[in-house]
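**Q** One structure coming up, written as structure tokens, with questions to follow.
The values are calculated or read from the model by the stated rules, or taken from the named source; none is laboratory data. Here the structure is a predicted model, which means the values were calculated and not measured. Reconstructed Cβ throughout: ideal geometry from the backbone, glycine too, with neighbour counts over all protein chains shown. Keep in mind that these areas ignore ligands, DNA and RNA; they rest on the heavy atoms of the full protein, side chains included. Shrake-Rupley method; radii C 1.70, N 1.55, O 1.52, S 1.80 Å.
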Amino acid sequence: MNDMPRKPLIAGNWKMNGSVAMAEALVDAIVEAGPFAAADVLVMPPFPYIDRLRSRVSSAGLLIGGQDLSPHESGAYTGEVSGAMLVDVGAGYVLVGHSERRQYHGESDDVVAAKFEAAAAAGLKPVLCVGESREQREAGQTEAVVSAQVDAVLSRCGIAAFGDAVVAYEPVWAIGTGLVATPEQAQQVHAFIRARLARHDATIAGRIQILYGGSMKPQNASDLLACEDIDGGLIGGASLKADEFVAIIMASIMTSGTASAKQSDAAPG
Ligand code: 13P
């Protein structure tokens, strides 16, 4: 344990949106509003735009990442993109296990764990997405679902792999729906995830950034980000509008200054 505060991370998952012109204009507008020394700011555009944006992003101190990767290193996997390719075009992060990949592409916990492992092996920081569906929440299964999703990665990759990773809690029922978890609901799951990791290594659990995702907007960001175990946001819709994304970055900076409780200590749960 130690008492270093966790730096906020605000990540924009653009999903399958944009064009070259839109991507460049969006990044230019974010850069113009910066620099944001007190927050990590990450953009995750569709694959074809990563290389195009790398110089804009790196010269402004922003971070860039992919939305998915293949679990394989290379070879006959038509349509897939490897971790090494992402690194080659300047990415430092990659989402793994986003609920849209789990839902529409049938990614199981085992596939997600293999992707996490491939990302780490390539030198990327995996952003592991976890979260329950509405039915699962209503059935009281939130903690069981989230722990199974985290445990699949723990058992394949080990706790040390979380030393250079991010976790994003994204309740499926809040993604793109305008429904947002209350700060209490989100905080409870974030604390649960941190405690789960702390069973294996309290230092790693205390340092890891755990992001909330699901209809985060400027209007609700401060209340969520002020919670002790919410270290940032994984933003979908609002990351496509520079003014909204920047307002969320500013909210993370304001709240991280006030939340003295956001210390990197974690008790095993
Ligand atoms: P929305 O912010 O559009 O709800 O999307 C959240 C998300 O899925 C980010 O990965």
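**Q** Where is the GNM fluctuation largest for the chain (alpha-carbon springs, 10 angstrom cutoff): GLY12, GLY34, GLY90?
**A** GLY34
**Q** Could you tally the net charge around VAL89, taking each other residue with its Cβ under 11 Å from the Cβ of VAL89, Lys/Arg +1 and Asp/Glu -1?
**A** On the way: positive: ARG52, ARG54; negative: ASP51, ASP88.
Summing Lys/Arg as +1 and Asp/Glu as -1 gives 0.
**Q** Okay, next question. Counting only Cα atoms, I'd like the Rg/Rh figure for segment 155-195, Kirkwood definition for Rh. Numbers along the way, then the final one.
**A** Working: Rg = 12.9 Å, Rh = 12.0 Å.
Answer for segment 155-195: 1.07.
**Q** Moving on to the next point. Please list log₁₀ I(q)/I(0) at q = 0.11, 0.22, 0.24 Å⁻¹ for segment 16-99, using the Debye equation with identical point scatterers on the alpha-carbon positions.
**A** The computed values of log10 I(q)/I(0) come out as -0.31, -1.06, -1.20.
**Q** In the P(r) worked out for the chain, what percent of Cα pairs fall beyond 23 Å? Please list the in-between numbers first.
**A** Details: 17327 of 36046 pairs.
Of the Cα pairs, 48 percent sit more than 23 Å apart.
**Q** Indicate the helices, whole DSSP H runs only, in the chain that combine a mean Kyte-Doolittle hydropathy of 0.0 or more with a Cα extent along their long axis of 18 angstrom or more.
**A** In the chain, the long hydrophobic H runs are 20-33, 109-122, 142-157, 242-258.
**Q** Work through the residues other than ALA113 whose Cβ is under 11 Å from its Cβ and net out their charges, Lys, Arg +1 and Asp, Glu -1. Please report the intermediate quantities before stating the final value.
**A** Details: positive: LYS115, ARG156; negative: GLU107, ASP109, ASP110, GLU117, ASP151.
Net local charge, ALA113 excluded: -3.
**Q** While we're looking at this one, here's another question. Could you pull out the GluC sites (Glu not before Pro) across segment 1-85 that fall in loop regions by DSSP (anything but H, G, I, E, B) with no more than 16 other Cβ atoms inside 10 Å?
**A** Values: sites: GLU24, GLU32, GLU73, GLU80; in loops: GLU73, GLU80.
Filter output for segment 1-85: GLU73, GLU80.
**Q** Let me ask you something else. Out of all DSSP beta bridges in the chain, what portion is antiparallel? Express it as a percent rounded to 5. List each step's numbers first, then the result.
**A** Details: 1 of 27 bridges.
Roughly 5 percent of the beta bridges in the chain run antiparallel, per DSSP.
**Q** While we're looking at this one, here's another question. Please tell me the relative contact order of the chain in percent, rounded to the nearest whole number, where contacts are Cα pairs under 8 Å and at least six residues apart.
**A** On the way: 559 pairs, mean separation 62.7, N = 269.
Relative CO of the chain lands at 23 percent.
**Q** Using a 1.4 Å probe on the protein chains only, how many percent of the accessible area of the chain belongs to carbon and sulfur?
**A** Values: 5970 of 11370 Å².
That share works out to 52 percent.
**Q** Suppose all protein chains stay in the model; what accessible area per residue would a 1.4 Å probe give for the chain, in Å²? List each step's numbers first, then the result.
**A** Values: 11370 Å² over 269 residues.
It amounts to 42 Å² per residue over the chain.
**Q** Quick query: amide H of GLY233 versus all other amide H atoms, modeled in the peptide plane; which residues come in under 5 Å with a sequence gap of 5 or more or a different chain?
**A** Here the answer is LEU9, ILE10, ALA11, TYR212, since their amide H atoms fall under 5 Å of that of GLY233.
**Q** Given the pairs LYS115/LYS241; LYS7/LYS125; LYS15/LYS241; LYS217/LYS241, which are separated by over 18 angstrom at their Cα positions? The partial results should precede the final answer.
**A** Numbers: LYS115/LYS241 29 Å; LYS7/LYS125 16 Å; LYS15/LYS241 13 Å; LYS217/LYS241 11 Å.
Correct reply: LYS115/LYS241.
**Q** Now for a separate question. Cβ under 13 Å from ARG137's Cβ, ARG137 left aside: what net charge do those residues give with Lys, Arg +1 and Asp, Glu -1?
**A** Details: positive: ARG134; negative: GLU132, GLU135, GLU138, GLU143, GLU170.
Summing Lys and Arg as +1 and Asp and Glu as -1 gives -4.
**Q** Which peptide among 169-177, 105-113 comes first, and what is the full order, when sorted by highest mean count of other Cβ atoms within 10 Å? Numbers along the way, then the final one.
**A** On the way: 169-177: 21.3, 105-113: 16.2.
The packing order, highest mean first, is 169-177, 105-113.
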